[in-house]
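The values are calculated or read from the model by the stated rules, or taken from the named source; none is laboratory data. All of these numbers come straight from a predicted model, not from anything done at the bench. Glycine gets a Cβ as well: all are built from the backbone with ideal geometry, and neighbour counts include every protein chain shown. Protein only, heavy atoms only, side chains kept; ligands, DNA and RNA dropped before computing areas. Shrake-Rupley method; radii C 1.70, N 1.55, O 1.52, S 1.80 Å.
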Amino acid sequence: PSGCPEGKEFLAKENVRVGLLFASKALVQLVVNPSVGLLTNRIGYHIPMFIGFIIMFLSTVMFAFSGTYTLLFIARALQGIGSSFSSVAGLGMLASVYTDDFERGNAMGIALGGLALGVLIGAPFGSVMYEFAGKSSPFLVLAFLALLDGALQLCILQPSKISPESIKGTPVSTLLRDPYILVAAGALCFSNMGVAMLEPTLPIWMMQTMCSPKWQLGMAFLPASISYLIGTNLFGILANKMGRWLCSLIGMAVVGISLLCVPLAKNIYGLIGPNGGLGFAIGMVDSSMMPIMGYLVDLRHTSVYGNVYAIADVAFCLGFAIGPSTGGAIVRAIGFPWLMIIIGVINIAYAPLCWYLRNPPAKEEKIAILSQECPMQTKSYSTQKTLRDFPLTDDSDVEAE
């Protein structure tokens, strides 16, 4: 349309550059995660969480004062390192503190709700502040909040004590050969890949087709953020009752349907339904799969959680690395609607695999440990039976008691 401020060809070229900028964080996080998983097993969770805060603070300040694409790229990559330390250590700490499966699901639902709150405030707040107060302002506010978070960590978690795990965790290579962990990781990857593809491509598509002003570009993600916040908190409790595998299966199907509906929108109001459904469904998957990862380690491996949540975060980051980097190129080649169709169909096709998480078997060693008490009980029962070779009388039951 003639009223749009930028030309369509320029915006089409920007898809690739913006996509790579978004993907750089996830790519770096992908590489760093396994090392962070090993580090948390050796020194505990509190110190890595605090290291993550320091790196995130530095990257946020760098964002505020970066004036070139290269500096923005470096700041975004640095953000990936900080995020790796924070997320792997945070999820591992929750899994180790909340050993009960139901409590763990609730705690991780609240933690993922915190993630949703960041997304909820971030996109609309950033776009409005950029429009009316300049590029640096939202990052400076965020840097102040990061300092506040660091002060709270120092007061509450006291990240100075090294508290390594008393037992050695299962190696990452062994966990990656577990098909059930791979199915759970795949669900996290593909469900989040949809919103990862939307982040860089939807604003540009809105400028091309709706002539949207800058403040609307972030507001378009508001329904997804609100519904994600509701979904993670609601299904942190409900998923345990209805079955986490079923919750994930339904969630992935809804993610696919929502993505197919996004290109049908003609204005920002038409995006409310698809984006709202997308956020709610991703909340269903995340709040189910994060506790399942911890449960699978308890059931089939050693109950040390640094490595398995490194894998969970790798899956999450893989979605946010592949999504933006390939999404921009696909949009340029075949258009935004086809991108949504491709990723929507992938989610719907993957959803039935969640059925395999319905009743995962324990490993042989775990079965042996759990069944050690059974032969003892059987033996004592058989010993009592050998003492009664004679026919039982009416009074014999009383004497046996």
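Annotation: per residue accessible area for the stretch 61-106 equals 43 Å², rounded to a whole number [probe 1.4 Å, protein chains only]. Think of a 1.4 Å ball rolled over the protein heavy atoms: the stretch 165-241 then has 38 Å² of accessible area per residue.
Of the residues Tyr269, Tyr180, Tyr309, Tyr356, ranked by 1.4 Å probe accessible area with the largest first, the sequence reads Tyr269, Tyr356, Tyr180, Tyr309. Across the accessible surface of the stretch 67-139, with the other protein chains kept in place and a 1.4 Å probe, carbon and sulfur atoms take up 73 percent. Kindly identify the stretch 30-123 as rounded, prolate or oblate by the Cα gyration tensor criterion: order the square roots of the eigenvalues as a ≥ b ≥ c, call it rounded if a/c is under 1.5, otherwise compare a/b with b/c, prolate if a/b is larger, else oblate. Here the stretch 30-123 falls in the oblate category. Legend: calculated FRET efficiency, Ser35 to Ser173, from the Cβ-Cβ distance at R0 = 22 Å, rounded to 0.05, equals 0.95. With a threshold of 23 Å on the Cα-Cα distance, the over-threshold entries among Lys168/Lys241; Lys135/Lys266; Lys25/Lys135; Lys241/Lys363 are Lys168/Lys241; Lys135/Lys266; Lys241/Lys363.
Here the spin labels are modelled as points 7 Å beyond Cα on the Cα-Cβ line, and at Ser136 and Ile230 they lie 4.0 nm apart.
Annotation: Glu103 carries an accessible surface of approximately 100 Å², with a 1.4 Å probe and no ligand, DNA or RNA atoms counted. Rounded to the nearest 10 square angstrom, Thr70 shows an accessible area of 90 square angstrom against a 1.4 Å probe.
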